[in-house]
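Just below is one structure, and these are the notes that go with it.
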Amino acid sequence: MFTLLRLMALLVVLGQMSLAQDVGQSMRQWWVECDRQGYCSADTEGQTEDYETLTLRIERSAAANSPLLLELTPETLLGEGAAVRFDIPGVIEGIVRKVGPVSDNSFTTSEPLDSDLLHGVMTGETLFITIDFRSERGVQVFEVPLAGAIDSLTVMDIAQRRLGRRDAIVARGAAPVDSPSDIFPQDGTDNGPDGALPAGEGEEAAYVEVLYTPDELPAAVLEFGRTEADCGDPAGPLNEMGAIVNRDASGRTIFLIPCRIGQANVSYYIVLHDPANGVEYAMQRFELPPAHNAPDRATIMNPQWLAGRDRLVSTRYGNINLNCGSYEVHNWIAEQQRFELSVYRAKEDCTGPHVEPESFPLEWTLAEMGD
């Protein structure tokens, strides 16, 4: 479940990314990058007990229905015909590939989207790659970390605009492969600064980051979590989910900080930093419809910040099947420096087929029902 929730948070971060410039981003123990033509790769390193290394790289072009290429590059000389075995404890066992043509000591195999091996890479924790080098080096077992693999493959889906399409790797849907998904609208901005998923240049550049440790966040932001949101130690939620930091071209920064992790929901508190409007750090609070007769909340469930629209959407799931709960839309009111609830949907019946949160029955809108 943590992997699913982390993926949901990642979709928030990457939803409006475009490819005006090259993109490179660290995803836990993986590195993912895409060039301006949409060719993407994700790689990590494994090693044996005596520290021989092996690079595992997954590559894909932006062409419709293109296969995934899985490339292995060990230190020891690799010969054609060698046997390579893949095992992921509790997920897959005994998947074997034969080494074909070798280039620069790299072997590449093409994997279809429904590959058991690819599914294992996205869902497992550790991949063990056993290679019989058929030389004096003999049989070697490489331990390869998978933390960050599904995140990296999601970045590839988004960069290649496959979200919701039949040829997506992770976020696969029913949309035709030859028409881009509009799940996340593109805002037309460029992407920019180093070390983030960026959109501009210079001190006022826009960027999005995912931060995984308290040391990376301003002390004032962390203090809100302790004093107002009652989140406890931030280290655990940050390590599992990461904080989403979105700075726009004006210099305004929105911090989405994970607070508590449940089976189906992650609560976040949200802090605004807007020097242009005299706001150092301000924690945001969120309304419920008037009929709920409840005070504004310090935390919100599974938020998605849509920077191009100045809009925050959130979903509170009613169970681990993710087919009931509530869905909220909060619009940013710049003059008042606060979020205002504009739409509230809810589905109490948790039976039946899966329903996307934005299709839950409408209960209240600001436009129709007012304050």
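Take ILE270, ILE95, ILE88 and order them by how many other Cβ atoms sit within 10 Å, fewest up front.
Values: ILE270 26, ILE95 14, ILE88 21.
Taking fewest neighbouring Cβ atoms as first place, the list is ILE95, ILE88, ILE270.
May I ask you to sort GLU33, GLU340 by Cβ crowding, counting other Cβ atoms within 10 Å and putting the fewest first?
With the fewest neighbours first, GLU33, GLU340 line up as GLU340, GLU33.
How do CYS40, CYS324 line up, fewest other C-beta atoms within 10 Å first?
Details: CYS40 26, CYS324 21.
The fewest-first ordering by Cβ neighbours comes to CYS324, CYS40.
Say each of ALA220 and SER135 gets a label point 7 Å from the Cα, pointing the same way as Cα to Cβ; how far apart are those two points in nm?
Placing both labels 7 Å beyond Cα along the Cβ direction yields 5.8 nm.
Show me 245-255, 119-129, 156-166 ranked by packing, highest mean number of other Cβ atoms within 10 Å first. The partial results should precede the final answer.
On the way: 245-255: 20.2, 119-129: 18.6, 156-166: 22.8.
My ranking of the peptides, most packed first, is 156-166, 245-255, 119-129.
Separation between the ASP296 and SER103 pseudo-spin-labels, each 7 Å from Cα along Cα→Cβ, expressed in nm?
According to this spin-label approximation, the distance is 5.9 nm.
Which loop-located GluC sites (Glu not before Pro) does the stretch 58-94 contain, where loop means any DSSP state but H, G, I, E or B and the Cβ has at most 14 other Cβ atoms within 10 Å? Mind dumping the intermediate values first?
Values: sites: GLU59, GLU71, GLU75, GLU80, GLU93; in loops: GLU75, GLU80.
In loop regions of the stretch 58-94 (DSSP not H, G, I, E or B), the sparsely surrounded GluC sites (Glu not before Pro) are GLU80.
I need the phi-derived Karplus couplings for the stretch 142-147: 6.51 cos²θ - 1.76 cosθ + 1.60, θ = phi - 60°, integer Hz, Gly and Pro marked x.
9, 9, 10, x, 10, 5
Figure the gain on full extension for ARG172 and ALA282 (residue separation times 0.36 nm, minus the Cα-Cα span) and round it to one decimal in nm. Spell out each step's value before the answer.
Working: separation 110, 0.36 × 110 = 39.60 nm, distance 3.74 nm.
Between ARG172 and ALA282, full extension yields an extra 35.9 nm.
Could you derive backbone 3J(HN,Hα) for the stretch 230-243 from the dihedral phi with the Karplus parameters 6.51, -1.76 and 1.60 (θ = phi - 60°), listing whole Hz in sequence and x where the residue is Gly or Pro?
Per residue, the Karplus-derived 3J(HN,Hα) values read 6, 8, x, 5, x, 4, x, x, 5, 5, 7, 10, x, 8 Hz.
What number comes out for the charge environment of ASP233, summing +1 per Lys or Arg and -1 per Asp or Glu over other residues with Cβ under 13 Å away?
Working: positive: ARG226, ARG260; negative: ASP230, GLU240.
Counting the neighbours of ASP233, the net charge comes to 0.
Compute the length gained on full extension between GLN337 and ASP43: take 0.36 nm times their separation in residues and subtract their Cα-Cα distance, giving the result in nm to one decimal.
On the way: separation 294, 0.36 × 294 = 105.84 nm, distance 4.14 nm.
Gain in length upon complete extension: 101.7 nm.
Over 26 Å apart: what share of the alpha carbon pairs of the stretch 227-361 falls there, rounded to a whole percent?
Values: 2207 of 9045 pairs.
The proportion of pairs with Cα distances above 26 Å equals 24 percent.
Put a dot 7 Å past each Cα toward the Cβ at THR227 and THR213; how far apart are the dots in nm?
2.6 nm
Can you give me the orientation-averaged projected area of the convex hull built on the Cα atoms of the stretch 211-274, in nm²? Each step should come with its number before you reach the end.
On the way: hull surface 17.0 nm².
Quarter of the Cα hull surface area: 4.3 nm².
Computed over the Cα atoms of the stretch 38-123, what is the ratio Rg over Rh, Rh following Kirkwood? Spell out each step's value before the answer.
Numbers: Rg = 13.2 Å, Rh = 13.9 Å.
Expressed as Rg/Rh, it is 0.95.
Expected output is a single nm value to one decimal: the length gained when fully extending between THR351 and GLU125, i.e. 0.36 nm times separation in residues minus the C-alpha distance. What is it?
Residue separation times 0.36 nm, minus the Cα-Cα distance, leaves 78.2 nm.
FYI, it's all coordinate maths here, none of it is from the lab. No experiment lies behind these values; they were computed from the predicted model shown. Glycine also receives a Cβ, built like all others from the backbone with ideal geometry; neighbour counts cover every protein chain displayed.
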